[in-house]
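Chemist: Mind looking over this structure? Questions follow.
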Amino acid sequence: APLAAAPPASSRRLPAGCERMAFHALFSPAAPRADSAAARLLPIATTTLAALLSILALPIPGYAALTPVFTLMAVYHWTIYRPDLLPPAGLFLIGFAGDLIAGAPLGVSSLFLLLTRALVLSFRRSFRNRRFPFVWAGFALLIGLAMPFLWALNSLLDTTLLEFRTTVFRAALTVSVFPAASFLLGRTQRALMAGG
C-alpha cells in the first residue's frame, strides 16, 4: 500500500499555548520539593553569594557605584518560588553580615531585605505560574519602590541628600540584568531540587 502523505505544515504546528509553556518553563521554574541538603541550602547560599557580589568592589572603574542589586534578585526569586527555604532569620543574618562587610549602619540591610520579602510574599500568588514578562514587570515595580526608599533611608542616616542619579542608573541596571539572573537561579533550582 502506498505510504500516507505527510500532513501539511499547518497541521504540524504545536498546539495552542505550547510556545507560551516553553517560554514559561525556561524562566519560571515550578516550586519543586526540596529533598536534599544542597537543595535546602540553595536559597540561602545563592542569596549570600548575591549579597557578596553586591558589596565587594571589583577592579572595574565605576563598578561600585553601578553594581546591580543582586541581593534583591535572589530574594525576589526565592520568595516567589521557595519562601519556606528563605526564612526571615536567614535574611536578617545575610543583611547584618553585609552591613559589617560594607561598613554600613548595622541593621539597615536586614530591615531592607525583610521588608522586601514581606512585600513580595504578600503578592506571591500573583506571580507564581505566570509568564516571565509578568514576573519581570513585577521585579521592575519592586525596584521602582525599593531603590528610592533605600536612597531616602541612606540620605537620612547620612544627614545629607545623596546623589539620586546614581540610584536611578543602578535601578535601571538591576532591572536589565534580572533576566540573566533569573535564568541562572531557575536552572540551578531545577538541577538541585527534585520534582514533587
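Chemist: Return yes when residue 190 is surrounded by 14 or more Cβ atoms within 10 Å (Cβ to Cβ), more than 25 Å from residue 96 (Cα to Cα) and of a type in the set (Lys, Arg) and no when it is not. Give the steps one after another, and end with the answer.
Modeler: Details: surrounded by 14 or more Cβ atoms within 10 Å (Cβ to Cβ): yes; more than 25 Å from residue 96 (Cα to Cα): yes; of a type in the set (Lys, Arg): yes.
Considered against the rule, which asks whether it is surrounded by 14 or more Cβ atoms within 10 Å (Cβ to Cβ), more than 25 Å from residue 96 (Cα to Cα) and of a type in the set (Lys, Arg), residue 190 comes out as yes.
Chemist: Moving on. In the range 152-166, is there at least one residue being touching a residue at least 60 places away in the same chain (Cβ under 8 Å), farther than 17 Å from residue 79 by Cα, surrounded by fewer than 16 Cβ atoms within 10 Å (Cβ to Cβ) and polar (S, T, N, Q)?
Modeler: Yes: one or more hits.
Each reported figure results from applying straightforward, stated rules to the coordinates on display, with no laboratory input. Everything numeric here is computed off the predicted structure, so don't read it as measured data. Backbone-built Cβ (ideal geometry, glycine too); neighbour counts: all protein chains shown.
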